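Below is one structure, written out as structure tokens, with a few remarks after it.
The values are calculated or read from the model by the stated rules, or taken from the named source; none is laboratory data. Quantities reported herein were computed from a predicted structural model and do not represent experimental measurements. Because the Cβ atoms are built from the backbone with ideal geometry, glycine has one as well, and the counts that use them run over all protein chains shown. Surface areas here come from the heavy atoms of the whole protein model, side chains and all, with no ligands, DNA or RNA. Shrake-Rupley method; radii C 1.70, N 1.55, O 1.52, S 1.80 Å.
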Amino acid sequence: MDSNKPLKIGIACYPLVGGSGILASALGMELAARGHEVHFFSYAKPVRLDTSLPRIHFHPVAVSKYKLFEYADYTLPLAVKLAEVADQAHLDIIHAHYAVPHATAAYIAKRMAKQDRLRIVTTLHGTDTTLLGRDPNYRRAIEYSLQHSDRVTTVSDSLRRDTEEIFDVGKPVEVIHNFYTPGRPTSTRETMRKDLGLGDCFTLFHASNLRSVKRIDLLLQSVARCKLRENLKLVILAGNSFEAFEGQVKDLGLEETVIVRENGYPIEDYIEACDFGIYTSETESFCLSILEGMFLGKASLAFRVGGIPEVMEENRSGLLCDFGDCDAMASAIDALAAGPERAREMGAEAKKRALGRFTADRIVPLYLECYRQALADS
């Protein structure tokens with residue numbers, strides 16, 4: 001097909017704060033800026049999606065709560081909406097972010113749609129493989145959805161290996177890393193630090209949806225074991241309620257150390273005010289939050305799991321510890337707090353790595369080529 005012809009692309013994703021929703025929104029907006037028509041599908045508008053932009057369309061999926069069903073179904077209403085729009089707008093591609101329920105719904109929609117051209121590209125972001133892939137209630141459905149996708153991608157080589165180990169995908173799995181385009185901070189570092197009450201403290205930041213896999217318990221334990229806590233602050237940018245962890249903060253005596261901001265936007269303002277990121281995930285396919293910090297010249301400390309070593313270069317653009325070693329985390333934090341110039345040096349290297357490997361200009365063309373290859377298949 002004509003490689004310059006604008007495409008009509010449907011994107012099915014979760015709307016919440018999380019790597020998949022953020023990446024899907026950013027990808028769609030970048031595609032629209034390049035002249036493609038992009039249709040988003042979800043039960044709510046993705047939090048970082050700007051629907052005022054040209055060539056961006058959002059189709060909310062209504063979930064009916066019939067008394068016949070003990071639990072509301074989302075997959076079938078999503079499939080119906082995908083099929084309707086595919087026929088009306090003549091979509092070329094449905095890009096499903098997560099196999100369940102999005103690729104499953106996309107396959108049903110493809111069978112219902114009245115055109116033969118429609119293709120499915122599925123991007124796995126982690127949980128499909130690392131959690132649901134080991135659940136017998138989901139594994140076969142995920143595998144079937146992947147087998148009936150025209151292209152399958154993962155956001156890291158680590159996740160590709162795990163996916164191929166767990167599933168019989170039936171086709172090559174392509175690695176397309178995440179990208180990020182930072183916005184400009186709307187406040188100065190000095191103003192934000194004053195507003196947050198940071199003073200002259202060395203300040204860590206953590207941004208996540210606080211799901212169990214993020215291991216906030218280990219994050220708090222690591223900070224609690226630091227010897228230089230009197231000169232330390234931790235800013236947690238929470239994508240969900242932090243209430244479940246308030247008791248642990250109190251038990252560890254961290255009330256004066258931990259500062260929580262739920263759904264704090266723009267995130268760039270908060271990251272700019274801090275000095276170093278910290279992540280204690282048990283599994284992590286990529287960790288987009290680390291990349292967000294890298295683009296703003298902030299390196300991170302994390303456990304050596306999943307795709308994180310693909311994002312940062314250990315001891316150059318970030319620091320890694322073995323999973324669960326909170327004492328090693330605390331020692332690393334103390335060293336950074338005692339010698340913050342190292343944090344600044346690694347932050348500069350982190351920004352250089354981000355600009356060299358994870359920009360939209362580098363990654364978006366890889367998705368476009370993936371789409372065109374799927375359409376070129378007979």
- Check on Ile290, within 24 Å of Leu198 (Cα to Cα), in contact with a Gly (Cβ under 8 Å, 6 or more places away or on another chain), open to solvent by less than 10 Å² (accessible area, probe 1.4 Å) and not acidic (Asp, Glu): yes
Note on the stretch 271-283: residues open to solvent by 20 Å² or more (accessible area, probe 1.4 Å) and either without any contact (Cβ under 8 Å) to a residue 60 or more places away in the chain or under 16 Å from the mean Cα position of the chain (by Cα) (or both) are Glu282, Thr283
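Give the residues of the stretch 214-243 that are assigned to a helix (DSSP H, G or I) and in contact (Cβ under 8 Å) with a residue 12 or more places away in the chain, sorted by residue number. Write out each step before concluding.
Kept after step one, since they are assigned to a helix (DSSP H, G or I), are these residues of the stretch 214-243: 214, 216-224, 229-231, 243.
Lys214, Ile216, Asp217, Leu218, Leu219, Leu220, Gln221, Ser222, Val223, Ala224, Arg229, Asn231, listed by residue number.
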Expected output for the stretch 349-361 (first residue surrounded by 15 or more Cβ atoms within 10 Å (Cβ to Cβ), partner basic (Lys, Arg), Cβ below 6 Å, 6+ apart or cross-chain) is Glu349/Arg316
Output for Cβ contacts, cut-off 7 Å, separation at least six or different chains, first residue under 16 Å from Phe40 (Cα atoms) in the stretch 59-84, second among the hydroxyl-bearing types (Ser, Thr, Tyr) and part of a helix (DSSP H, G or I), reads Thr75/Thr104
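Answer with yes or no whether Glu143 is touching a Phe, Trp or Tyr at 6+ places or on another chain (Cβ under 6 Å) and not aliphatic (A, V, I, L, M). Talk me through it step by step, then tell me what you get.
Numbers: touching a Phe, Trp or Tyr at 6+ places or on another chain (Cβ under 6 Å): yes; not aliphatic (A, V, I, L, M): yes.
Yes.
Is it fair to say His125 is under 21 Å from the mean Cα position of the chain (by Cα), open to solvent by 10 Å² or more (accessible area, probe 1.4 Å) and modelled with pLDDT of 90 or more? Talk me through it step by step, then tell me what you get.
Values: under 21 Å from the mean Cα position of the chain (by Cα): yes; open to solvent by 10 Å² or more (accessible area, probe 1.4 Å): yes; modelled with pLDDT of 90 or more: yes.
In short, yes.
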Could you check, for the stretch 261-270, whether at least one of its residues is more than 17 Å from Glu349 (Cα to Cα), of a type outside the set (A, V, I, L, M, F, W, C), over 16 Å from the mean Cα position of the chain (by Cα) and assigned to a strand (DSSP E or B)? yes
All conditions in (1) under 20 Å from the mean Cα position of the chain (by Cα); (2) in contact (Cβ under 8 Å) with a residue 24 or more places away in the chain are true of Arg134 except (1)
The residue that is farthest from Ala86 (Cα to Cα), considering only those in the stretch 1-23 that are surrounded by fewer than 21 Cβ atoms within 10 Å (Cβ to Cβ) and at pLDDT 95 or above, is Pro6
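Being closer than 23 Å to Thr163 by Cα, charged (D, E, K, R) and open to solvent by 40 Å² or more (accessible area, probe 1.4 Å) narrows it down to one of Asp322, Asp327, so name that one. It would help to see each step written out before you state the result.
Details: Asp327 fails: closer than 23 Å to Thr163 by Cα.
Matching residue, one of Asp322, Asp327: Asp322.
Here are Ala33, Ala26: which of them is modelled with pLDDT of 95 or more and open to solvent by less than 30 Å² (accessible area, probe 1.4 Å)? Give the derivation first.
Numbers: Ala33 fails: open to solvent by less than 30 Å² (accessible area, probe 1.4 Å).
Going through Ala33, Ala26 in turn, just one is modelled with pLDDT of 95 or more and open to solvent by less than 30 Å² (accessible area, probe 1.4 Å): Ala26.
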Among (1) open to solvent by less than 20 Å² (accessible area, probe 1.4 Å); (2) under 27 Å from Ser331 (Cα atoms); (3) at pLDDT 95 or above; (4) under 24 Å from the mean Cα position of the chain (by Cα), Asp217 falls short only on (1)
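So which residues in the stretch 151-204 are assigned to a strand (DSSP E or B) and open to solvent by less than 50 Å² (accessible area, probe 1.4 Å)? Spell out how you get there, then give the answer.
So the first thing to find is which residues in the stretch 151-204 are assigned to a strand (DSSP E or B), and the list is 151-154, 173-175, 202-204.
Correct list: Val152, Thr153, Thr154, Val173, Val175, Phe202, Thr203, Leu204.
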| said: Residues that are surrounded by fewer than 20 Cβ atoms within 10 Å (Cβ to Cβ), aliphatic (A, V, I, L, M) and modelled with pLDDT under 95: does the stretch 222-244 have at least one? | reply: no
When every residue in the stretch 36-58 that is touching a residue at least 24 places away in the same chain (Cβ under 8 Å) and among the hydrophobic types (A, V, I, L, M, F, W, C) is compared, the one surrounded by the most Cβ atoms within 10 Å (Cβ to Cβ) is Val38
Here is a check on your reading of the model: is Tyr71 over 22 Å from Tyr367 (Cβ atoms) and either of a type outside the set (S, T, N, Q) or in contact with a helix residue (DSSP H, G or I) (Cβ under 8 Å, 6 or more places away or on another chain) (or both)? yes
